[in-house]
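Chemist: Below you'll find the structure I mean.
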Ligand code: ADP
Ligand code: ASP
Ligand code: MG
């Protein structure tokens with residue numbers, strides 16, 4: 001008998017039929033003798049719709065109120081799933097984040113879980129019920145509802161798995177595991193049997209939407225084994241755990257992200273202390289810079305570029321406005337039509353020539369590289385956004401990642417697929 005936490009994402013609970021399908025899967029796990037706790041996301045696009053409602057009445061909604069509103073999405077799906085289970089004769093009990101004992105810090109919209117009070121979930125399991133927990137939410141020390149950032153139900157699931165000492169945390173989604181790259185962007189993507197925490201963390205943090213990076217961070221810290229698999233089939237998925245398998249490939253996966261922008265500060269006088277002033281101002285205004293490029297100096301002045309999340313634009317502009325006159329720069333240019341494409345693999349540490357091969361591949365395909373950054377197991381390149389899909393595909397082929405077969409959609413409607421393609425891209 002295993003103790004399993006099973007999380008189901010928004011697409012997997014998008015309709016009453018799909019909720020019944022999830023209930024059947026949970027029932028089958030119980031019938032097989034396992035104990036199971038479900039964690040659910042909000043149905044379909046509910047979270048986006050709630051954000052739209054908030055924006056319609058307030059262009060800049062206070063974070064506390066927004067969290068209060070967004071948390072209701074998961075509360076609908078958790079209740080419907082409990083009702084579906086009860087209707088099938090399986091005793092269930094739904095819990096909001098607070099009722100499930102998810103305690104967070106007070107950072108609204110991207111709160112961190114600080115503690116899981118597991119008593120109510122364990123009691124429900126003891127009573128033979130299936131606990132159904134609302135993902136994405138918790139409660140802070142003031143008793144206010146917080147949310148964990150987009151995709152945060154993954155983190156709820158991992159935290160609950162850790163909190164109750166589960167054997168495995170299943171993340172059930174509309175894909176049957178972690179692929180070498182998003183199979184909707186590159187149909188020749190190959191499903192991986194296992195990925196190490198470090199590789200998954202890099203992949204998630206550079207745009208691989210299949211698992212929230214914070215969930216992977218949490219899993220790595222506390223040794224929670226994640227099984228990323230399909231909500232619609234019993235096929236084995238991908239295990240995310242300490243050791244990667246006997247993986248021979250130099251590159252494990254490729255991710256891309258179009259949510260960043262590139263800012264160039266023009267004609268910055270090339271004098272000591274200027275970069276410090278610029279980047280202190282940006283950091284002081286909570287702009288999350290990623291890559292920084294300083295061009296060679298001409299006539300005693302240089303252009304400085306950096307990339308950061310596009311959502312940081314207002315704060316970046318505000319910070320730069322405060323120092324432009326002081327440093328004597330000519331102005332700023334903002335390019336939002338950029339994408340970051342990243343290669344990830346622990347094999348990079350011991351294999352020279354990965355960068356050269358990646359740059360050559362981009363060159364041969366006429367894809368211009370605007371900026372580069374690296375970590376010991378990652379190489380990222382900023383390119384024009386419209387080239388992102390092609391870049392992923394040519395790199396996938398160049399690094400021998402292509403599968404023999406192509407990815408086939410089984411369950412999603414054309415509209416859902418289109419939405420998935422837009423998401424985070
Ligand atoms: P959920 O709503 O279940 O949380 P998400 O949309 O957050 O699902 O995550 C699943 C999506 O992640 C897939 O539909 C797929 O398009 C995308 N994806 C991105 N990168 C990968 C990858 N490397 N492997 C599998 N799926 C990926
Ligand atoms: N419903 C939230 C979102 O759309 C959380 C989640 O799905 O994990 O981001
Ligand atoms: Mg998700």
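The values are calculated or read from the model by the stated rules, or taken from the named source; none is laboratory data. Keep in mind the model is a prediction, meaning the values are calculated, not measured. In this analysis, Cβ positions are derived from the backbone assuming ideal geometry, glycine residues included, and neighbour counts consider all displayed protein chains.
Chemist: In this structure, does residue 157 turn out to be touching a residue at least 12 places away in the same chain (Cβ under 8 Å) and more than 14 Å from residue 41 (Cα to Cα)?
Modeler: So residue 157 does not fit the description; no.
Chemist: Residue 395: touching a helix residue (DSSP H, G or I) at 6+ places or on another chain (Cβ under 7 Å), closer than 20 Å to residue 199 by Cα and outside any helix (DSSP H, G or I), yes or no?
Modeler: Considered against the rule, which asks whether it is touching a helix residue (DSSP H, G or I) at 6+ places or on another chain (Cβ under 7 Å), closer than 20 Å to residue 199 by Cα and outside any helix (DSSP H, G or I), residue 395 comes out as no.
Chemist: Next up: For residue 39, are the conditions met, namely being within 15 Å of ligand 1 (Cβ to nearest atom), touching a residue at least 12 places away in the same chain (Cβ under 8 Å), in contact with a strand residue (DSSP E or B) (Cβ under 6 Å, 6 or more places away or on another chain) and part of a helix (DSSP H, G or I)?
Modeler: no
Chemist: On the basis of being in contact with a strand residue (DSSP E or B) (Cβ under 7 Å, 6 or more places away or on another chain) and not in a loop (DSSP other than H, G, I, E, B), does residue 49 make the cut?
Modeler: So residue 49 fails the test.
Chemist: Continuing with the same structure: Out of (1) touching a strand residue (DSSP E or B) at 6+ places or on another chain (Cβ under 7 Å); (2) more than 16 Å from ligand 1 (Cβ to nearest atom), the odd one out for residue 136 is which?
Modeler: Going through (1) touching a strand residue (DSSP E or B) at 6+ places or on another chain (Cβ under 7 Å); (2) more than 16 Å from ligand 1 (Cβ to nearest atom) one by one, residue 136 breaks only (2).
Chemist: Just checking, does segment 140-161 include any residue being out of contact with any helix residue (DSSP H, G or I) (no Cβ under 9 Å at 6 or more places or on another chain) and within 19 Å of residue 37 (Cα to Cα)?
Modeler: No, segment 140-161 contains no residue that is out of contact with any helix residue (DSSP H, G or I) (no Cβ under 9 Å at 6 or more places or on another chain) and within 19 Å of residue 37 (Cα to Cα).
Chemist: May I ask you to verify whether residue 75 is within 12 Å of ligand 2 (Cβ to nearest atom), surrounded by fewer than 21 Cβ atoms within 10 Å (Cβ to Cβ) and at pLDDT 95 or above?
Modeler: Spelling it out, residue 75 is indeed within 12 Å of ligand 2 (Cβ to nearest atom), surrounded by fewer than 21 Cβ atoms within 10 Å (Cβ to Cβ) and at pLDDT 95 or above.
Chemist: All but one of (1) closer than 24 Å to residue 408 by Cα; (2) surrounded by 14 or more Cβ atoms within 10 Å (Cβ to Cβ) hold for residue 236; which doesn't?
Modeler: Just one mismatch for residue 236, condition (2).
Yes/no matrix, rows are residues, columns are (1) out of contact with any helix residue (DSSP H, G or I) (no Cβ under 9 Å at 6 or more places or on another chain); (2) surrounded by 19 or more Cβ atoms within 10 Å (Cβ to Cβ); (3) part of a loop (DSSP other than H, G, I, E, B):
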| residue | (1), (2), (3) |
| --- | --- |
| 348 | no, yes, no |
| 359 | yes, no, no |
| 368 | no, no, yes |
| 406 | yes, no, yes |
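Chemist: Do we have residue 68 as within 16 Å of ligand 1 (Cβ to nearest atom), touching a residue at least 60 places away in the same chain (Cβ under 8 Å) and in a helix (DSSP H, G or I) here?
Modeler: Against the criterion (within 16 Å of ligand 1 (Cβ to nearest atom), touching a residue at least 60 places away in the same chain (Cβ under 8 Å) and in a helix (DSSP H, G or I)), residue 68 does not qualify.
Chemist: Continuing with the same structure: Could you tell me which of the residues 19, 4 is part of a helix (DSSP H, G or I), more than 19 Å from the chain's Cα centre (by Cα) and within 18 Å of residue 170 (Cβ to Cβ)?
Modeler: 19
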